[in-house]
Amino acid sequence: MQALGRLEDLPQDYRDELASRNLVPLWPNLRAVLPPHVPSRATRPIHWPYATLRPLLMRAGELTPMEKAERRVLVLANPGHGLENMKVSPAMYLGMQLLLPGEWAPAHRHTPNAVRMIVEGRGATTTVNGERCPMERGDLILTPTGQWHEHEHDGQDPVVWLDVLDLPLIYYAEASYAVEGERQAVKAGRGDQAYARGGIVPTPLFERGADAYPMLRYPWAQARAALLDLASSQPDLKAVQVTYVNPETGRDAQSNLGFHALMLRPGQTLRLPARSPAQVFHVVEGSVQARIVDQAFTLVEADTCCAPGYEAVTLVNASGAEPAFVFVADESPLHRKLGVYEVRR
Ligand code: GTQ
């Protein structure tokens with residue numbers, strides 16, 4: 001490939017004049033913004049063991065009352081992007097949130113889309129636009145863009161969940177803001193009950209789905225059962241995977257980030273092909289070795305790690321006796337919208 005001229009090759013007076021006119025020569029920067037074949041990526045493979053994160057989160061519970069936090073969250077920040085930028089990948093934000101018994105995280109709505117993956121504890125709920133969603137281990141709860149949400153906890157023990165937001169993307173677009181609200185009135189009816197049976201959807205007076213987000217809670221019991229059924233009915237199926245979708249449209253559950261669950265059979269090694277989107281892995285059950293670029297992480301239950309795009313990932317179930325279950329979040333809906341989605345085999 002042709003070596004291009006450098007900035008230093010240009011006379012100082014010319015460089016100064018360009019800068020003073022808010023002009024930049026392209027050629028010294030061309031290869032940096034359009035590198036050959038593979039994009040440059042700041043996203044590094046990082047592992048956040050829950051065993052080290054949890055005590056720090058509990059300490060935040062002692063140090064910072066809800067009134068001083070609003071959302072008591074430790075952000076899983078990728079050092080490759082700069083910790084202060086609070087992103088795990090170009091479009092994804094990850095946070096571990098703690099709610100103690102009796103606490104309430106007040107209602108607000110914001111432009112970024114969020115989901116919660118419940119990590120531990122029971123008895124908390126998230127109310128989304130008036131729909132009250134119970135939070136249990138492994139459940140996925142959506143709070144799509146613009147929808148009012150508040151979290152409360154009437155149980156006995158701390159509740160912790162993983163927040164996944166497209167905040168870095170919306171912030172980059174200079175479109176990120178929030179509005180504070182009042183405690184929501186809870187309305188009757190729940191999407192996870194109305195859409196509990198695959199292929200059968202509510203049609204009151206023959207009308208279908210007026211609601212853009214008809215299902216806000218995806219119970220773990222359903223995702224887990226679907227994976228076990230797939231695995232037992234298709235013994236030759238290598239990738240036992242499901243995707244969380246909007247039950248009215250069949251499309252991704254949310255508009256920018258994709259959410260999936262996968263099962264590794266006892267002793268299974270699964271190679272995920274290199275795809276353009278960055279991804280996050282969170283172990284719901286079992287123990288998994290994740291090989292990403294030059295790293296090999298041993299993930300146990302409630303551990304989280306991330307992988308840059310354009311890299312193959314190998315997942316190994318460390319147990320020869322029990323299946324392992326992994327929640328995956330990725331940037332695939334965004335890449336498809338942008339027309340840059342790729343699988344490289
Ligand atoms: O629970 O509404 O991790 O607004 C970051 C921003 C959680 C939330 C986060 C938020 C929330």
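The values are calculated or read from the model by the stated rules, or taken from the named source; none is laboratory data. Not measured: the values here are computed from a predicted model. Counting neighbours? That spans all protein chains shown, and the Cβs are built from the backbone with ideal geometry, glycine included. Heavy atoms of the whole protein, side chains included, go into the accessibility calculation; ligands, DNA and RNA do not. Shrake-Rupley method; radii C 1.70, N 1.55, O 1.52, S 1.80 Å.
Matching residues to (1) within 16 Å of the ligand (Cβ to nearest atom); (2) touching a helix residue (DSSP H, G or I) at 6+ places or on another chain (Cβ under 8 Å); (3) under 22 Å from LEU57 (Cβ atoms):
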residue: GLN147; (1), (2), (3): yes, no, no
residue: HIS153; (1), (2), (3): yes, no, yes
residue: LEU167; (1), (2), (3): yes, no, yes
residue: ALA175; (1), (2), (3): yes, no, no
residue: ALA185; (1), (2), (3): no, no, no
residue: GLN193; (1), (2), (3): no, no, no
residue: LEU205; (1), (2), (3): no, no, no
residue: ALA212; (1), (2), (3): no, no, no
residue: TRP220; (1), (2), (3): no, no, yes
Q.
Here's a check for you: in region 85-97, which residue that is within 11 Å of the ligand (Cβ to nearest atom) and more than 12 Å from the chain's Cα centre (by Cα) is surrounded by the most Cβ atoms within 10 Å (Cβ to Cβ)?
A. GLN97
Q. Hey, among the residues in region 281-310 that are within 24 Å of LEU227 (Cα to Cα) and of a type in the set (S, T, N, Q), which one's surrounded by the most Cβ atoms within 10 Å (Cβ to Cβ)?
A. THR304
Q: Select from region 311-337 the residues that are hydrophobic (A, V, I, L, M, F, W, C) and either in contact (Cβ under 8 Å) with a residue 60 or more places away in the chain or surrounded by fewer than 21 Cβ atoms within 10 Å (Cβ to Cβ) (or both) and list them in ascending order.
A: ALA312, VAL316, ALA318, ALA321, ALA324, PHE325, VAL326, PHE327, VAL328, ALA329, LEU334
Q) Which ones in region 205-237 are in contact with a strand residue (DSSP E or B) (Cβ under 7 Å, 6 or more places away or on another chain), within 29 Å of ARG271 (Cβ to Cβ) and either open to solvent by 70 Å² or more (accessible area, probe 1.4 Å) or in a strand (DSSP E or B) (or both)? A) TYR218, ARG224
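Checking the condition at pLDDT 95 or above and either β-branched (Val, Ile, Thr) or more than 24 Å from ASN113 (Cα to Cα) (or both), which residue from PRO65, PRO90 passes?
PRO65
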